[in-house]
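Below: one structure, written as structure tokens.
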Amino acid sequence: MGHILIQDLCKSYRNRRIARRGPRDPYQPGEIMWILDNINLEFHEGEMVCLLGPSGCGKSTLLRLIAGFDGATSGEVTIDGKKVIGPSSNHIFVFQHSGLLPWMTVWQNVELGVRNVEDARARREKIQENIDMVDLTDFEQHYPHQLSGGMKRRAELARALAANPDVLIMDEPFNGLDFLSHMKIREEIVNMHELLRKTTLVVTHDIDDALLMGDRIVVMGGRPAQVKLNRQLDFPHPRDPKKNAALGDLRDELFLMLGVSYAV
Ligand code: ADP
Ligand code: MG
């Protein structure tokens, strides 16, 4: 489960601005803005896919189309052979940071993920299992405001995993975290992925995130956005671009591709 096929996907929006923003704004008010141009991708069951691309290029738009939150202008997304026509909470879970409900404890927030488990005991076990997995044991009765940023993110992760989706979608899951929390959560996501093998799509703007996490790296770019690179990575974990020459070369290639010279 969790095989995703994206075929000839195009997406446009109508520019709703009343006046042109400035001389460099390429779009007239009311004009159609093409965001995604003929995207063709296949993500295999259990794959961790990292999506990279400059800000505003359409990464979140692509995720929204895969999750069924928005419709394609043309082309289609199919998951396990079924065309995506709307959101499906059974199959897809969209990990949102700052998504915890502040008036609920960690336990109650994670419980939201397991609503579909009927048996009360099985539900309790599932909640505890996922809380333990993200190392929040003993914090079950804490409210979000009593947790650090990293702990909140782990609670969000527990809720996502408790939902047991076929596809896990994460749009910039490390946003707003301090450096160490970022590294720790990244490690946890990789470990959980090794364990559970859910098809996982992660948007990140951090090249090292993509290199260390991805079974596949997809780089989007251009306006409208096209797929600039779609590369499968066969490096075992843990990975270190400094020690692995092929990974180091790919890192250089990605930096160049995203238009940054990092050797400053
Ligand atoms: P990214 O996630 O790569 O930073 P987005 O997918 O959020 O980029 O946005 C891509 C482009 O689509 C942006 O130029 C944005 O302004 C435009 N866009 C996104 N959503 C809408 C919308 N609902 N209506 C109009 N334009 C939109
Ligand atoms: Mg985005």
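To keep it simple, each residue is scored yes or no on (1) within 22 Å of GLY68 (Cα to Cα); (2) part of a helix (DSSP H, G or I).
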| site | (1), (2) |
| --- | --- |
| ARG121 | no, yes |
| GLU125 | no, yes |
| MET151 | no, yes |
| ILE169 | yes, no |
| PRO173 | yes, no |
| LEU177 | no, no |
(message) On the basis of being modelled with pLDDT under 90, within 16 Å of ligand 2 (Cβ to nearest atom) and of a type outside the set (D, E, K, R), does HIS205 make the cut?
(response) yes
(request) Please find, among ILE169, ILE131, the residue that is within 16 Å of ligand 1 (Cβ to nearest atom) and crowded, with 18+ Cβ neighbours inside 10 Å. (result) ILE169
(request) Taking GLU42 as meeting all but one of (1) within 16 Å of ligand 1 (Cβ to nearest atom); (2) within 18 Å of LEU9 (Cβ to Cβ); (3) in contact (Cβ under 8 Å) with a residue 12 or more places away in the chain, write down the number of the exception. (result) (1)
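Quick check: is even one residue across region 58-72 within 16 Å of ligand 1 (Cβ to nearest atom), over 21 Å from PRO173 (Cα atoms) and in contact with a Leu (Cβ under 7 Å, 6 or more places away or on another chain)?
Just the residues of region 58-72 that are within 16 Å of ligand 1 (Cβ to nearest atom), to begin with: 58-72.
Next cut, over 21 Å from PRO173 (Cα atoms) only: 71-72.
From what's left, in contact with a Leu (Cβ under 7 Å, 6 or more places away or on another chain): 72.
Yes; the residues of region 58-72 include at least one that is within 16 Å of ligand 1 (Cβ to nearest atom), over 21 Å from PRO173 (Cα atoms) and in contact with a Leu (Cβ under 7 Å, 6 or more places away or on another chain).
From LEU233, LEU256, LEU247, grab the single residue that is touching a residue at least 24 places away in the same chain (Cβ under 8 Å) and more than 16 Å from ligand 1 (Cβ to nearest atom).
Working: LEU233 fails: touching a residue at least 24 places away in the same chain (Cβ under 8 Å); LEU256 fails: touching a residue at least 24 places away in the same chain (Cβ under 8 Å).
Residue meeting the stated conditions: LEU247.
Being more than 15 Å from LEU258 (Cβ to Cβ), among the aliphatic types (A, V, I, L, M) and touching a residue at least 12 places away in the same chain (Cβ under 8 Å) is true for just one of VAL219, VAL202. Which residue is that? Outline the logic, then answer.
On the way: VAL219 fails: more than 15 Å from LEU258 (Cβ to Cβ).
None of the others qualify; the one that does is VAL202.
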(request) Return the only residue of PRO23, PRO29 being within 14 Å of ligand 1 (Cβ to nearest atom) and modelled with pLDDT under 90. (result) PRO29
(message) Suppose we keep only residues that are farther than 21 Å from VAL94 by Cβ and among the hydrophobic types (A, V, I, L, M, F, W, C) within region 174-194. Which one would you say is surrounded by the most Cβ atoms within 10 Å (Cβ to Cβ)?
(response) MET183
(request) Restrict the check to region 62-69 and report whether at least one residue is charged (D, E, K, R), without any contact (Cβ under 8 Å) to a residue 40 or more places away in the chain and within 16 Å of ligand 2 (Cβ to nearest atom). (result) yes
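The values are calculated or read from the model by the stated rules, or taken from the named source; none is laboratory data. Keep in mind that what you see is a predicted model, and the values were worked out from it rather than measured. Here Cβ is always computed from backbone atoms with ideal geometry, including for glycine, and neighbour counts include all displayed protein chains.
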